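Everything on this sheet refers to the single structure shown next.
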Amino acid sequence: MTEQEIAKQFPKLEPELIQEMVKVADLKVFQEGDLLIRTGQNIRSAILVLDGLVKIYREDDQGNEFFMYYLDAGKACAISLVCALGSETSGLMAKAITKASVVSIPVQYVDEWMGKYKGWAQFALSSYRERFEELLETIDHIAFRNMDERLVFYLKRHQEKFHTNIVPISFTEIAQDLNSSREVISRLMKKLSEKGIVQLHRSQIEIIDLQRALS
């Protein structure tokens with residue numbers, strides 16, 4: 001982990017802060033499918049994504065998953081920031097969707113830098129706001145949208161985060177993320193396919209024209 005790598009993904013942080021970050025933070029590399037944070041885990045460090053993609057979700061007692069949002073390069077896990085500052089346990093899960101490199105900052109520096117570096121305080125507040133807005137968007141779709149609209153929203157998020165029209169996710173995985181059943185997702189996908197919005201392949205979904213479903 002170099003100062004240049006951090007500065008590239010977090011350009012608004014002060015050079016002095018980045019120098020200190022290189023000295024005290026750890027670089028951790030997670031493979032696809034690895035868990036970064038578990039429900040109930042004591043959070044002793046804040047996590048910043050340097051490279052890759054991380055999924056934040058909630059899991060119930062039966063192991064059912066509910067998708068919340070993605071974190072890509074240049075983003076911070078707001079849950080880790082909040083829990084680190086309060087020495088609290090996590091209520092969410094974080095999983096690497098691709099190979100991911102993260103900067104792990106010990107809890108004492110998370111608090112210390114708030115008063116020492118304006119760039120860090122602004123970055124932390126911006127992370128809280130962005131994640132809160134994403135949560136509100138997710139809640140809005142749960143409360144006010146039908147499952148077919150939620151599915152289109154889910155595909156749109158995937159398209160934006162992965163920068164690709166290919167979605168290599170099974171219907172079962174989508175159903176888990178949307179707290180639905182595979183049968184419902186399969187039926188809705190077939191409808192989207194018949195309308196020419198997506199094309200279904202054996203092991204992936206190809207997005208053709210989501211805008212037709214959003215308009």
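The values are calculated or read from the model by the stated rules, or taken from the named source; none is laboratory data. None of these values were measured; they are calculated from a predicted model. So basically every Cβ, Gly included, is an ideal-geometry build from the backbone, and we count neighbours across all protein chains shown.
Quick notes
- Test: residue in the stretch 69-84 that is farther than 27 Å from R157 by Cα and assigned by TED's automatic domain parsing to the domain that holds E133: yes
- Selection count, the stretch 166-176, where residues are closer than 18 Å to I207 by Cα, surrounded by 17 or more Cβ atoms within 10 Å (Cβ to Cβ) and not β-branched (V, I, T): 2
- Of the helices (runs of 4 or more DSSP H) lying entirely inside the stretch 2-103, those containing at least 1 residues that are of a type in the set (D, E, K, R) span 3-9, 15-24.
- Leading residue by the ranking (modelled with the highest pLDDT) among those in the stretch 127-186 that are among the polar types (S, T, N, Q) and in a loop (DSSP other than H, G, I, E, B): N165
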